[in-house]
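Worksheet: one structure, shown below.
The values are calculated or read from the model by the stated rules, or taken from the named source; none is laboratory data. All values derive from a computational prediction rather than experimental measurement. Methodologically, a virtual Cβ is constructed for each residue, glycine included, from the backbone with ideal geometry; neighbour enumeration extends over all protein chains shown.
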Amino acid sequence: MPHALTDDKVKLYYEETGAGRPVVFVHEYAGDYRSWETQMRHFGQRYRCITFNARGYPPSDVPKTPKSYSQHRAADDIAAVLDHLKIAKAHIVGLSMGGFATLHFGFRHARRALSLVVAGCGYGAEPGEREKFKGEAERIAKTIKADGMKKFSQRYAYGPTRVQFENKDPRGFAEFAQQLSEHSDLGAINTQLGVQRERPSLYDLVGSMKKLKVPTLVLTGDEDWPCLVPGVLMKRSIPSAALSVMPNCGHAINIEDPDQFNRIVGDFIHHVDSGRWPMRDPRAVTTSITGMDK
């Protein structure tokens, strides 16, 4: 099995296909490398596509304590995969937990990003929701410890932003739920405690966002309620960002509506590669409603 080694000696399992400019796919908490199969097949026809399992997700290593998991490590693990494959720069596409990692990769390793797709990013970010989200992360960890992933997955898979997937594609949803049930109990617990619970709010990162010049696409489903307002925040704060909203979609947009997801991301990457992705015109930034405030 191919593995990349991180600076703290954690082995990360990865898969790759295709040739051309590199595109790296970074999975969500409830997913793993298998969640990107549709994207690997589609984009692998014209790009060198890589996906990997985060630490805590076998066949990647599962460090034993939450201290080995953090938002910074999640971003740096993307760089470790690039280093192993001797890739200088790549398009980075992340969903949810992977979207947070992608955004932080832009903060920490901007020179190595051709572009960033920050999808389904925003859970627990709003100031009024921060403590609630941290409490839910702790409850999730306790539930998994008590019941195990197989039982926990039966509840978590049916969250309010995932039922859209079940309604559209029961067969695909059943595959997602089955794969979720196969995750490591310890890895899922430590990821909740080390990454999810401890990551900073997006509202505390506005200063870093304003400095980000990497072409960025913020992408969310219109029924992914926790991500809608944070999506607007990222659009307004990142001067190189566009915001795209997928209609009648929940959280797991890459597998819920892969055709639409692939089209939007593919168009974005094409614009970036052709040198046509714009920075925001400063004239578009104003506190006036009509521009007639002077």
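Gln179: touching an Asp or Glu at 6+ places or on another chain (Cβ under 8 Å) and among the polar types (S, T, N, Q), yes or no? Against the criterion (touching an Asp or Glu at 6+ places or on another chain (Cβ under 8 Å) and among the polar types (S, T, N, Q)), Gln179 qualifies. You will find that of Asp257, Asp222, Asp281, Asp204, the residue that is more than 29 Å from Gly20 (Cβ to Cβ) and within 17 Å of the chain's Cα centre (by Cα) is Asp222 and no other. Cβ-Cβ distances below 6 Å connect the following pairs, each with a first residue in segment 214-237 that is over 22 Å from Asp273 (Cβ atoms), a second residue that is among the charged types (D, E, K, R) and modelled with pLDDT of 95 or more, and a separation of six or more residues or different chains: Ser237/Lys210.
For segment 256-286, the set of residues classified as out of contact with any strand residue (DSSP E or B) (no Cβ under 9 Å at 6 or more places or on another chain) and under 19 Å from Asp169 (Cβ atoms) consists of Pro258, Asp259, Asn262, Arg263, listed by residue number.
Looking at segment 140-198, which of the residues that are in contact with a Cys (Cβ under 9 Å, 6 or more places away or on another chain) and outside any loop (DSSP other than H, G, I, E, B) is surrounded by the most Cβ atoms within 10 Å (Cβ to Cβ)? Within segment 140-198, the match that is surrounded by the most Cβ atoms within 10 Å (Cβ to Cβ) is Phe165.
Yes or no, residue by residue, for (1) closer than 30 Å to Ala19 by Cα; (2) of a type in the set (A, V, I, L, M, F, W, C):
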residue	(1), (2)
Val93	yes, yes
Lys145	no, no
Glu166	no, no
Ile189	no, yes
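Please work out if Ala74 is in a loop (DSSP other than H, G, I, E, B), of a type in the set (A, V, I, L, M, F, W, C), touching a residue at least 60 places away in the same chain (Cβ under 8 Å) and buried (at least 21 other Cβ atoms within 10 Å of the Cβ). Judged against the criteria, Ala74 is not a match.
Taken together, Asn262, Asn248 contain a single residue that is more than 22 Å from Phe105 (Cβ to Cβ), of a type outside the set (Gly, Ala, Ser) and out of contact with any Cys (no Cβ under 8 Å at 6 or more places or on another chain), which is Asn248.
Quick one: in segment 111-135, of everything that is part of a helix (DSSP H, G or I) and touching a helix residue (DSSP H, G or I) at 6+ places or on another chain (Cβ under 9 Å), which residue is nearest to Leu193 (Cα to Cα)? Only one residue tops the list, namely Lys134.
Could you go through segment 220-232 and let me know if any residue there is farther than 11 Å from Cys121 by Cα and surrounded by 22 or more Cβ atoms within 10 Å (Cβ to Cβ). For segment 220-232, residues farther than 11 Å from Cys121 by Cα and surrounded by 22 or more Cβ atoms within 10 Å (Cβ to Cβ): absent. Within the bounds of segment 143-159, is there any residue that is in contact with a Gly (Cβ under 7 Å, 6 or more places away or on another chain) and β-branched (Val, Ile, Thr)? Scanning segment 143-159 turns up no residue that is in contact with a Gly (Cβ under 7 Å, 6 or more places away or on another chain) and β-branched (Val, Ile, Thr).
The set of residues in segment 247-262 that are farther than 16 Å from Phe25 by Cβ and not in a loop (DSSP other than H, G, I, E, B) comprises Asp259, Gln260. Do we have any residue at all in segment 206-224 that's of a type in the set (Lys, Arg) and touching a strand residue (DSSP E or B) at 6+ places or on another chain (Cβ under 6 Å)? There is no residue in segment 206-224 that is of a type in the set (Lys, Arg) and touching a strand residue (DSSP E or B) at 6+ places or on another chain (Cβ under 6 Å). Looking only at segment 32-50, decide whether some residue is part of a loop (DSSP other than H, G, I, E, B), farther than 21 Å from Phe261 by Cα and within 16 Å of the chain's Cα centre (by Cα). No, because not a single residue in segment 32-50 is part of a loop (DSSP other than H, G, I, E, B), farther than 21 Å from Phe261 by Cα and within 16 Å of the chain's Cα centre (by Cα). Restricting attention to segment 83-138, the residues that are aliphatic (A, V, I, L, M) and more than 17 Å from the chain's Cα centre (by Cα) add up to 4. For Lys132, the test of being surrounded by fewer than 23 Cβ atoms within 10 Å (Cβ to Cβ) and at pLDDT below 95 is passed. Flag: Gly56 matches the condition of being on the phi > 0 side of the Ramachandran plot, modelled with pLDDT of 95 or more and crowded, with 24+ Cβ neighbours inside 10 Å. Screening Asn248 on (1) under 22 Å from Arg55 (Cα atoms); (2) touching a helix residue (DSSP H, G or I) at 6+ places or on another chain (Cβ under 8 Å) shows it passes everything except condition (1).
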